[in-house]
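Asker: Here it is, the structure, as structure tokens.
The values are calculated or read from the model by the stated rules, or taken from the named source; none is laboratory data. Note that the coordinates shown come from a computational prediction; the quantities given were computed from them, not determined experimentally. Methodologically, a virtual Cβ is constructed for each residue, glycine included, from the backbone with ideal geometry; neighbour enumeration extends over all protein chains shown. Keep in mind that these areas ignore ligands, DNA and RNA; they rest on the heavy atoms of the full protein, side chains included. Shrake-Rupley method; radii C 1.70, N 1.55, O 1.52, S 1.80 Å.
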Amino acid sequence: VQLQASGGGMVQAGGCLRLSCAISGNIDSPNVLGWYRQVPGKQREMVVRVFSGGNTTYGDSVQGRFTLSRDNAKRTMYLQMNSLKPEDTAVYYCAAHELKMMKLYWGQGTLVTVSS
């Protein structure tokens, strides 16, 4: 399994970006797919995760502003980020977690910078 994240960049506060995560290989079920972010010197933070059963959870700081979606035909997961704030600045990672075999796969990260 490989994950390739893209779409990061620099945007002004209030703007929007869409991140993409292309997934290759087969991810066994049950699984959790998600987006995480990390600021240097801080722990990686969950942005959004979706269980294979469909249950989606957003982090409190992004609830109502970010939306996860998937295009199964393209094997791609997206993170639509609206109303961006400077505190959203981070490296964003996509991840896939196979729950039965306890395997965790990470994408390489894409930098999002929000200027005030």
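Asker: Looking at the range 20-45, I want the residues that are farther than 21 Å from residue 102 by Cα and open to solvent by 70 Å² or more (accessible area, probe 1.4 Å) and have a partner that is in a strand (DSSP E or B) and modelled with pLDDT of 95 or more with Cβ atoms under 8 Å, at least 6 apart or on another chain. Which pairs are those?
Answerer: The qualifying pairs do not exist here.
Asker: Also, quick follow-up: Mind counting the residues in the range 77-116 that are in contact (Cβ under 8 Å) with a residue 60 or more places away in the chain and not in a strand (DSSP E or B)?
Answerer: Matching residues across the range 77-116 total 12.
Asker: Collect the residues in the range 40-87 that are touching a strand residue (DSSP E or B) at 6+ places or on another chain (Cβ under 7 Å), farther than 14 Å from residue 18 by Cα, modelled with pLDDT of 95 or more and of a type in the set (S, T, N, Q), keeping them in residue-number order.
Answerer: Correct list: 56, 57.
Asker: So, one more: Which of the numbered conditions does residue 74 fail, given that it passes all the others? Conditions: (1) within 24 Å of residue 101 (Cα to Cα); (2) open to solvent by 50 Å² or more (accessible area, probe 1.4 Å); (3) part of a loop (DSSP other than H, G, I, E, B); (4) not hydrophobic (A, V, I, L, M, F, W, C).
Answerer: Unmet for residue 74, out of (1) within 24 Å of residue 101 (Cα to Cα); (2) open to solvent by 50 Å² or more (accessible area, probe 1.4 Å); (3) part of a loop (DSSP other than H, G, I, E, B); (4) not hydrophobic (A, V, I, L, M, F, W, C): (1).
For every residue, the table says whether it meets (1) among the β-branched types (Val, Ile, Thr); (2) touching a Gly at 6+ places or on another chain (Cβ under 8 Å).
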{"position": "22", "(1), (2)": "no, no"}
{"position": "30", "(1), (2)": "no, yes"}
{"position": "33", "(1), (2)": "no, no"}
{"position": "42", "(1), (2)": "no, no"}
{"position": "45", "(1), (2)": "no, yes"}
{"position": "53", "(1), (2)": "no, no"}
{"position": "56", "(1), (2)": "yes, no"}
{"position": "71", "(1), (2)": "no, no"}
{"position": "84", "(1), (2)": "no, yes"}
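Asker: Additional query: When you check residue 54 against the structure, is it open to solvent by less than 50 Å² (accessible area, probe 1.4 Å), assigned to a strand (DSSP E or B) and out of contact with any Asp or Glu (no Cβ under 9 Å at 6 or more places or on another chain), yes or no?
Answerer: When the stated conditions are applied, residue 54 does not pass them.
Asker: Separate question: Tell me, yes or no, whether the range 60-69 has at least one residue that is among the hydrophobic types (A, V, I, L, M, F, W, C) and open to solvent by 50 Å² or more (accessible area, probe 1.4 Å).
Answerer: Among the residues of the range 60-69, not one is among the hydrophobic types (A, V, I, L, M, F, W, C) and open to solvent by 50 Å² or more (accessible area, probe 1.4 Å), which makes the answer no.
Asker: Scan the range 1-19 residue by residue and report those that are open to solvent by 40 Å² or more (accessible area, probe 1.4 Å), within 24 Å of residue 83 (Cα to Cα) and in a strand (DSSP E or B).
Answerer: Of everything in the range 1-19, those that are open to solvent by 40 Å² or more (accessible area, probe 1.4 Å), within 24 Å of residue 83 (Cα to Cα) and in a strand (DSSP E or B) turn out to be 6, 10, 12, 18.
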